[in-house]
Amino acid sequence: MIELSDMIQELRSQLTTALTDGAGEAIRFEAGPVEIEATVAVTREAGADAKIRFWVVDASSKGSSANAQTQRVKLTLTPTAVPVAGEPPRPAMIAGDQAPGER
């Protein structure tokens, strides 16, 4: 299992790579809302500073999450580019080559 925050960080990293790879391309794509749907296991740590954590569950880890509550969550994220000082946020523009096995 991985933490939900790690999954979102990896998504951010891959979108950033696509954005960088697309610089100077003739055709670019505006990154619209990105929907993520996952099954998560919710755990609470013991102690005074107890934290609640959300772990993304995959098919191979279902046994290890047997003692945790699982929920289905759907997130909608809208990527925006970091604005230049004094300008409003703008949509991220993505372009790039197709990755092997991607359709």
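The values are calculated or read from the model by the stated rules, or taken from the named source; none is laboratory data. Just so you know, these numbers come straight off a predicted model, no measurement behind them. Virtual Cβ from ideal backbone geometry, glycine too; neighbours counted across all protein chains shown.
Scanning segment 22-56 for residues that are of a type in the set (D, E, K, R) and touching an Asp or Glu at 6+ places or on another chain (Cβ under 7 Å) yields a count of 2.
Go through the residues of segment 57-67 one by one and say whether even a single one is farther than 21 Å from Leu19 by Cβ, of a type in the set (A, V, I, L, M, F, W, C) and at pLDDT below 80. Yes, because at least one residue in segment 57-67 is farther than 21 Å from Leu19 by Cβ, of a type in the set (A, V, I, L, M, F, W, C) and at pLDDT below 80. Taking the criterion of being among the aliphatic types (A, V, I, L, M) and either outside any strand (DSSP E or B) or modelled with pLDDT under 85 (or both), the residues of segment 38-51 that qualify are Ala46, Ala48, Ala50. Would you call Glu35 modelled with pLDDT under 85, acidic (Asp, Glu) and either more than 17 Å from the chain's Cα centre (by Cα) or closer than 20 Å to Met7 by Cα (or both)? Answer is no for this residue.
If you go through segment 1-55 and pick out every residue that is farther than 16 Å from Ile94 by Cβ, small (Gly, Ala, Ser) and surrounded by 15 or more Cβ atoms within 10 Å (Cβ to Cβ), you end up with 2. Residue count for segment 1-32 satisfying the condition of being assigned to a loop (DSSP other than H, G, I, E, B) and within 19 Å of the chain's Cα centre (by Cα): 3.
Contact map, segment 2-22: first residue over 15 Å from Pro33 (Cα atoms), second residue at pLDDT below 90 and of a type in the set (Lys, Arg), Cβ cut-off under 6 Å, separation 6 or more or different chains; pairs are Gly22/Arg28.
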